[in-house]
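The structure under discussion appears below in the form of structure tokens.
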Amino acid sequence: MPSVLIHNIGLLATPMGDKALCGKAQGDISFTEDAWIAIEGEKILAVGSGIAPRCDEKIDAEERLVIPGLIDPHTHLVFGGWREHELSDKLRGIPYLEILKNGGGILSTVRDTRIATEEELTEKATDILLGMLKKGVTTCEAKSGYGLSLEAEIKQLNVLRKLCEIQEVELVSTLMAAHATPPEYKDDTQGYVDFIIDRIIPVVAEKELAKFIDVFCESGVFDSAQTEKLLKAGKEYGLLLKCHTDEINDIGGTSLAASLGAISCEHLIKCTDEGIEALSNNGTIGVLLPATSFYLGADFAPARKMIENNVPIAIGSDFNPGSCPMSSLPLAMQIGCYRYRMTPEEVLSAVTINAAAAIGMADKLGSIEPGKQADLVFLDADNLDYIFYRFGENFVSDVIKKGRTCHF
Ligand code: NIG
Ligand code: FE
């Protein structure tokens, strides 16, 4: 296998280690000037500064800033249609949950997703992923949840499997059949919960179509007793747990999911002190989604309080057609920096090592160190602050995934 030397790196910025960082360590970024990285195959061989080892090939980084490949730990990537028709309702102040209750919102996307073919869904998601790659995202978590029937959930998960083969962003799949109650079970959410447990989870687990299970634990969607049943059933089938909690209302989901051993609780806009304590005590990662708060005109999750209480924070885009039709992780990072008052260093950990931990891949991804996968982003910037300060701009000029230069 030929070795490759990336030299003349102006500044290398990376967290270190193979675990989520919390508390003060959330902002521990190692900065190296005049750095080099040696790669062999898909992996990083060595990292240093000054005199570099000999390699078979050389790439001149032209004094750019280099960071680890960004990881988006929370998206709803595969869906049919869009929902721009909801914008005027939203601007008139009609609440998100009311739109859903009236058969719109998630259920409108379910209708569009059910009639879309696998090919159409694949093509659409491929375009989105290319846009994400251009902004430095090399790994992305993606949830089902717009099918809400056995066939249509499997269709979404099959699309994700197909996407792994045909494009460069690495994907991790989550079964989120518990995203809303479909029309077939109108007024019988409990019946749908049983259907997910008896019919969907076993098939998804058997076909190895998902690594995680996620539930929208929210007033009027799935209550905590239903969430508990669903998460426990997923766990029995070997799925790892994630949970949408405290997005609009706190109904106790965070403490519940954390106590069941969830790897992450996600959204956490309304997370209380009790929820923060549960996350902290269980080492559960808080996946925060600042662009969703921005788009919904909602509050922002209590990120500083979480950091003070040693909750590891990851940041995702939450890309979806309803509450965040925006797929730019860098923009989410910038909003997170300003509105959570997280430093650029804390945010960088949130979208690298902590996001890797939130998808169970921190041993392999999330930092630039020997033995880790060679996922690297080159930015036209002299320092880390600059890419946060110039919000809305894209400074990514090159991306390396698994040791190979991506073409876009
Ligand atoms: O994370 N909260 C539930 N799911 C998505 C929104 C899905 C939609 O509106 O289509 C979210 O915000
Ligand atoms: Fe979400």
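The values are calculated or read from the model by the stated rules, or taken from the named source; none is laboratory data. Keep in mind that this is a model prediction, so the values were computed, not measured. As a convention, Cβ positions derive from the backbone with ideal geometry for all residues, glycine included, and neighbour counts pool all protein chains shown. Note: areas computed on protein heavy atoms with side chains; ligands, DNA, RNA excluded. Shrake-Rupley method; radii C 1.70, N 1.55, O 1.52, S 1.80 Å.
Roughly what would the spin-label model give for ASP112 and ILE51, points 7 Å off Cα along C-beta, in nm?
With each label placed 7 Å out from Cα toward Cβ, I get 6.0 nm.
Compare LEU87, LEU157, LEU230 in a GNM of the chain, Cα atoms joined below 10 Å, and give the one with the largest fluctuation.
LEU87
Most fluctuating residue of GLU42, GLU118, GLU57 in a GNM of the chain with Cα springs under 10 Å: which is it?
In the Gaussian network model the winner is GLU57.
Carbon-plus-sulfur fraction of the accessible area of the chain, 1.4 Å probe, in percent?
Result for the chain: 49 percent of the exposed heavy-atom area is carbon or sulfur.
In a Gaussian network model over the chain where Cα atoms closer than 10 Å are linked, find which of SER49, SER108, SER264 has the largest mean-square fluctuation.
SER49
So in the chain, what percent of DSSP beta bridges are antiparallel if you round to the nearest 5?
45
Relative to the Cα centre, what is the charge dipole magnitude of the range 71-358, using +1 at the beta carbon of each Lys and Arg, -1 at the beta carbon of each Asp and Glu, and rounding to the nearest 20 debye?
340
Using the structure shown, list the pairs from LYS186/LYS211; LYS270/LYS401; LYS134/LYS364; LYS135/LYS305 with a Cα-Cα distance above 25 Å, or answer none.
Pairs exceeding the cut-off: LYS186/LYS211; LYS270/LYS401; LYS135/LYS305.
Measure nothing but the geometry: give the 0 to 90° angle between the long axis through the Cα atoms of 150-166 and the longest principal axis through the Cα atoms of the chain, rounded to 10°.
For 150-166 against the chain, the angle is about 10 degrees.
Only Cα pairs under 8 Å and at least 6 apart count here; give the relative contact order of the chain as a rounded whole percent. Show your work: numbers first, answer last.
Values: 1002 pairs, mean separation 90.8, N = 408.
Dividing the mean separation by the residue count of the chain yields 22 percent.
Hand me the GluC sites (Glu not before Pro) from the range 62-116 located in a DSSP loop with no more than 15 other Cβ atoms within 10 Å, in residue order please. Walk me through the intermediate numbers first.
Numbers: sites: GLU62, GLU63, GLU84, GLU86, GLU98; in loops: GLU62, GLU63.
Sparse-neighbourhood loop GluC sites (Glu not before Pro): GLU62, GLU63.
For the chain, find the longest principal axis of its Cα atoms and tell me its angle to the long axis of helix 118-134, 0 to 90°, nearest 10.
Roughly 40 degrees, rounded to the nearest 10.
Calculate how steeply helix 224-236 sits against the longest principal axis of the alpha-carbon atoms of the chain, using the helix alpha-carbon long axis, and give the answer as 0 to 90 degrees to the nearest 10.
Tilt of helix 224-236: around 60 degrees.
Counting only C-alpha contacts under 8 Å and six or more residues apart, can you give the relative contact order of the range 254-408 as a whole percent?
Numbers: 267 pairs, mean separation 25.6, N = 155.
The normalised contact order for the range 254-408 reaches 17 percent.
Quick check: residue separation of GLU393 and GLU84 times 0.36 nm, minus the Cα distance between them. What number comes out in nm?
108.8 nm
Can you list the chymotrypsin sites (Phe, Trp or Tyr not before Pro) in the range 245-320 that are in a DSSP coil and have 12 or fewer other beta carbons within 10 angstrom?
Filter output for the range 245-320: empty list.
What is the gain in length, in nm to one decimal, between THR126 and GLN190 on full extension, counting 0.36 nm per residue of separation less the C-alpha to C-alpha distance?
So the chain would gain 19.5 nm between THR126 and GLN190.
Given a Förster distance of 35 Å, report the FRET efficiency between LYS101 and TYR237 from their Cβ-Cβ distance, rounded to the nearest 0.05.
0.70
Against the globular-protein guess of 2.2 N^0.38 Å, express the Cα radius of gyration of the chain as a ratio, rounded to two decimals.
Details: Rg = 20.6 Å, N = 408, 2.2 N^0.38 = 21.6 Å.
Ratio of Cα Rg to 2.2 N^0.38 Å: 0.95.
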